[in-house]
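Have a look at the structure below, then the notes.
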Amino acid sequence: MSNIIIIDRTNEYSPAGVHARGTRILHHMKKRIGFDLSILNRTDTGTTVYARKLFQSLQELEQEELEFIPLYAPKKLASKNPFIRPINFLLELSWLFLLLPVRARALHLDLIHLPANTISPVLRKIPQVCTIHDAHFMINPEGRDPVWRFYARRIFRYSAKHAGRIICGSNSARKEAIELLGADPDNIEVVYHGLVLRESAQADREQAAGLKPFILSVGATLPNKNFEALVKAYAKLYREGRTGGHRLILAGPPARGHQSLLETIASEQMEDHVSILGLVSDSLLAALYENASIFAFPSLCEGFGFPPLEAMHYGIPVAASYAPSIPEILGDAPVYFNPRDISEMAENIGMIISDHRLRDKLKQAGLARVKMFSWKESARKTMSIYRCLLGHHSA
């Protein structure tokens, strides 16, 4: 007697069965977007904030045709030993030239977004979107390792010329990509970043309140952040009796200009009036913003510039340099100064300290300005770039 097998397809054609089958087909049809989050292995900077917030916002968008896959390079070795630096450099090279291409093919990716200035020269068949934040190192190379500069000049230029599409956070960054890196102007999209919002804990609010009154500045102690000039401007105000009792608080991770900054503070005899907090938690940073009287941003160059926007969100009047991209992002909300003119910097900060009407005006202008910046909108525009590139690549 032969065996008879009866296949029951009743459930397959029920509403639930049709939905499940449709979901499987839709999942199969989804385009797979790899997003390189290797930058998150480094110390927190504007680039790491951008990568983290954009990826999160892309995942939160309501859409069904794209699937986002995070990609991570091997973690670099954490050590101040100078012999570790070349090992980390080799790890970075191995990611772009070997491990990322292998990973991309294994995951059957349709597109890759690299959010930190470079693409993989090996990936020729998979379109790559590259976010170029700036090319400041080509203008201001001081403090940079010569080997890194040699490599960066070549990989940045290669990326600018061979990326499927380039994203820049400002028109200033776009100009640098064109003039310094040789990017095709028609291949660049300017997409403004969003605003970073943080929450403070009670203990951090109490710590920050204990520092009042104070002028705040935020950023890594890099030469281009120009903190030495800010210390000199503050020292000038102090000697003239115009600080209004305000201390100067600097918050951000130690970097190449840290030792020189300490020496400037000592030479100006400001050790009792200037505090360097180093890298602080998001909670403490939020508390500092909540309690600061004035925010000073003396940077010599920025691709976008998150800190002054964050300060404006908290209603802090801002004094900022008119270096590249800063006026574009901040508009008419701050008081501007020449970042290389100590007297002008001191005068404008002192003016905010002494004029309460000006402080109120800057506060309201800042609160209005920050409404222009949204991670959701940034993610939407970025996704539109993905779709356009995928459509062009498949045509």
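None of the figures in this text is laboratory data; all of them are computed from the coordinates on show. Note that the structure is predicted; figures quoted are calculated from it, not measured. Cβ coordinates were reconstructed from backbone atoms using ideal geometry, including for glycine residues, and neighbour counts include every protein chain displayed.
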statement: For Lys361, the lysines lying under 27 Å Cα to Cα, once residues fewer than eight places off in the same chain are dropped, come out as Lys212, Lys225, Lys232, Lys236, Lys371
statement: In this structure, the FRET efficiency calculated for Glu271 and Gln56 from their beta-carbon separation, with R0 = 41 Å, to the nearest 0.05, is 0.55
query: If the cut-off is a Cα-Cα distance under 17 Å, which aspartates and glutamates reach Lys381, setting aside same-chain residues fewer than 8 apart in sequence?
result: Glu60, Glu62, Glu64, Glu65, Glu67, Asp186, Glu189
message: Sort 100-113, 65-78 by the packing proxy (mean of other Cβ within 10 Å over each peptide's residues), most packed first.
response: 100-113, 65-78
statement: The exposure ranking of Ser217, Ser293, fewest beta-carbon neighbours within 10 Å first, is Ser293, Ser217
- request: Sticking with the crude label model, points 7 Å out along Cα→Cβ, report the distance from Arg340 to Asn41 in nm, one decimal please.
  value: 3.8 nm
message: Give me the dipole magnitude in Debye, nearest 20, for segment 202-372 about the Cα centre, with unit charges on the beta carbon: positive for Lys and Arg, negative for Asp and Glu.
response: 280 debye
statement: One finds, for Ala106 and Gln364 with R0 = 41 angstrom and r their Cβ-Cβ distance, a FRET efficiency to the nearest 0.05 of 0.20
- prompt: Which length gain, in nm to one decimal place, applies between Asp355 and Phe89 when the Cα-Cα distance is subtracted from 0.36 nm times their residue separation?
  reply: 90.8 nm
- prompt: Here are some values of P(r) over Cα pairs in 10 Å bins from 0, in percent: [x] 5, 20, 28, 22, 13, 6, 3, 1, 1, 0, 0; [y] 4, 19, 25, 25, 17, 8, 2, 0; [z] 4, 15, 14, 10, 10, 9, 7, 7, 7, 6, 4, 3, 2, 2, 1, 0. Which one was computed from this structure?
  reply: [x]
task: Neighbouring Cβ atoms within 10 Å as the yardstick, rank Leu309, Leu390 fewest first.
output: Leu390, Leu309
- prompt: So which chymotrypsin sites (Phe, Trp or Tyr not before Pro) in segment 305-395 are both in a DSSP loop and have at most 15 other Cβ atoms within 10 Å of their Cβ?
  reply: Tyr322
- prompt: How do 175-181, 86-92 rank on mean C-beta neighbours within 10 Å, highest first?
  reply: 175-181, 86-92
Packing-based exposure ordering (other Cβ within 10 Å, fewest first) of Ser57, Ser374: Ser374, Ser57
task: Round to a whole angstrom and tell me the spacing of the C-alpha centers of segment 127-175 and segment 205-282.
output: 30 Å
